[in-house]
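Student: Structure provided below as structure tokens; questions to follow.
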Amino acid sequence: MHLSLRNLALVEEFDYNFIRSALSDYKNPRVKINDLIKKGEIIRVKKGLYVFGSKLSQQPYSKETLANLIYGPSYISLEYALSFYGLIPERVETLTSVTNKKNKLFHTPVGNFSYRYINPLLYSYGVTLHKIDQRHSILIATKEKAVSDMLYFSDRMTDLSDVEKYLFENLRLSKRDISKFKLKEVKKMAMLYGHNVNLFYGLLEKMK
């Protein structure tokens, strides 16, 4: 049975509707699902969302895809996005996302996923569908939006020197990387996000 389930799945991540359909020959699919979980053949990430366990997995599951699925609407941003793009040196363990719903933190068997609320008016601009492999595309902030989100959730800054210290000392971003940011994109972010991102726009304009 589990092999037919494996053969039906094109990816490592799947939901309850998929597994229930794959187990439709069983009188009680729920019992079988619990049995598969106990045997480690599938892992329950959260209610209604699963990945294959080590016995059945054919490739690593995508944590980024799971982040989009666990709680939504949401997009990957903040520290994890900065690490994903190679903008900060540290590897980020918690997968950080932004949502237009309330703050949430999920501790799951495959890692921790955090979600921070942002005003819906700021939510959509600068979110891109990024293809990570042949079968996975994820919603993630652009580089410009990820930094803008970081600044948005930070304490109010006084002047450009505060922004410089935060970006280049606290986050350890590279001036070279930041100088390549699209000025037009950051200007749009500044109009939406306000004070801190306005300062960032001023800094970027100065660096160009």
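Student: Would you mind stating whether residue 73 is surrounded by 14 or more Cβ atoms within 10 Å (Cβ to Cβ) and not β-branched (Val, Ile, Thr)? Walk me through it before giving the result.
Tutor: Numbers: surrounded by 14 or more Cβ atoms within 10 Å (Cβ to Cβ): yes; not β-branched (Val, Ile, Thr): yes.
When the stated conditions are applied, residue 73 passes them.
Student: Same structure again: Kindly list the number of the only condition in (1) in contact with a Phe, Trp or Tyr (Cβ under 6 Å, 6 or more places away or on another chain); (2) outside the structural domain of residue 144 (by TED's automatic domain parsing) that fails for residue 70.
Tutor: Here residue 70 clears every test but (2).
Student: Between 144, 185, which is more than 30 Å from residue 10 (Cα to Cα), in contact with a Lys or Arg (Cβ under 7 Å, 6 or more places away or on another chain), buried (at least 16 other Cβ atoms within 10 Å of the Cβ) and charged (D, E, K, R)?
Tutor: 144
Student: Could you list, in sequence order, the residues of the range 110-129 that are farther than 23 Å from residue 154 by Cβ and either part of a loop (DSSP other than H, G, I, E, B) or out of contact with any Leu (no Cβ under 8 Å at 6 or more places or on another chain) (or both)?
Tutor: Residue satisfying the conditions is 110 alone.
Student: I'm trying to understand the selection: among the residues of the range 116-138, which are in contact with a Lys or Arg (Cβ under 8 Å, 6 or more places away or on another chain) and over 26 Å from residue 177 (Cα atoms)?
Tutor: Scanning the range 116-138 gives a single hit, 117.
Student: To continue, here is another question. Give the residue that is surrounded by the most Cβ atoms within 10 Å (Cβ to Cβ), with candidates limited to residues of the range 89-109 that are modelled with pLDDT of 95 or more and not in a strand (DSSP E or B). It would help to see each step written out before you state the result.
Tutor: Of the range 89-109, the ones modelled with pLDDT of 95 or more are 94-109.
Still in the running and not in a strand (DSSP E or B): 94, 100-103, 109.
Working: 94: 15, 100: 17, 101: 14, 102: 9, 103: 9, 109: 11.
Ranking the candidates gives 100 first.
Student: Residues in the range 144-161: is at least one without any contact (Cβ under 8 Å) to a residue 40 or more places away in the chain and part of a loop (DSSP other than H, G, I, E, B)? Reasoning before the result, please.
Tutor: Of the residues in the range 144-161, the ones without any contact (Cβ under 8 Å) to a residue 40 or more places away in the chain are 155, 158, 161.
Narrowing the set further to residues that are part of a loop (DSSP other than H, G, I, E, B) leaves 155, 158.
Scanning the range 144-161, I find at least one residue that is without any contact (Cβ under 8 Å) to a residue 40 or more places away in the chain and part of a loop (DSSP other than H, G, I, E, B), so the answer is yes.
Student: As an exercise: evaluate residue 57 against (1) closer than 25 Å to residue 20 by Cβ; (2) under 17 Å from the mean Cα position of the chain (by Cα); (3) of a type in the set (S, T, N, Q) and give the number of the one condition it does not meet.
Tutor: (2)
Student: On to the next question. Could you say whether any residue in the range 178-188 is over 20 Å from residue 72 (Cβ atoms), in contact (Cβ under 8 Å) with a residue 60 or more places away in the chain and assigned to a helix (DSSP H, G or I)? Quick ask: steps written out before the conclusion?
Tutor: First pass over the range 178-188, keeping only residues over 20 Å from residue 72 (Cβ atoms): 178-188.
Add one more test, that the residue is in contact (Cβ under 8 Å) with a residue 60 or more places away in the chain, and what stays is 188.
Next cut, assigned to a helix (DSSP H, G or I) only: 188.
Yes, the range 178-188 contains a residue that is over 20 Å from residue 72 (Cβ atoms), in contact (Cβ under 8 Å) with a residue 60 or more places away in the chain and assigned to a helix (DSSP H, G or I).
Results for (1) modelled with pLDDT under 90; (2) assigned to a helix (DSSP H, G or I), shown as yes or no for each residue.
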{"position": "4", "(1), (2)": "yes, yes"}
{"position": "18", "(1), (2)": "no, yes"}
{"position": "26", "(1), (2)": "yes, no"}
{"position": "33", "(1), (2)": "no, yes"}
{"position": "36", "(1), (2)": "no, yes"}
{"position": "45", "(1), (2)": "no, no"}
{"position": "51", "(1), (2)": "no, no"}
{"position": "58", "(1), (2)": "no, no"}
{"position": "61", "(1), (2)": "no, no"}
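Student: Okay, next question. Any idea which residue in the range 10-55 is nearest to residue 106 (Cα to Cα), counting only those that are buried (at least 18 other Cβ atoms within 10 Å of the Cβ) and touching a residue at least 40 places away in the same chain (Cβ under 8 Å)?
Tutor: 45
Student: Suppose we filter 196, 119 for residues that are over 21 Å from the mean Cα position of the chain (by Cα), within 29 Å of residue 71 (Cα to Cα) and not small (Gly, Ala, Ser); which single one remains? Give the steps one after another, and end with the answer.
Tutor: Details: 119 fails: over 21 Å from the mean Cα position of the chain (by Cα).
Only one candidate passes the filter, namely 196.
The values are calculated or read from the model by the stated rules, or taken from the named source; none is laboratory data. Note that this is a predicted model, so its numbers are computed, not measured. A quick note on method: Cβ atoms are made from the backbone with ideal geometry, for glycine too, and the neighbour counts reach across all protein chains shown.
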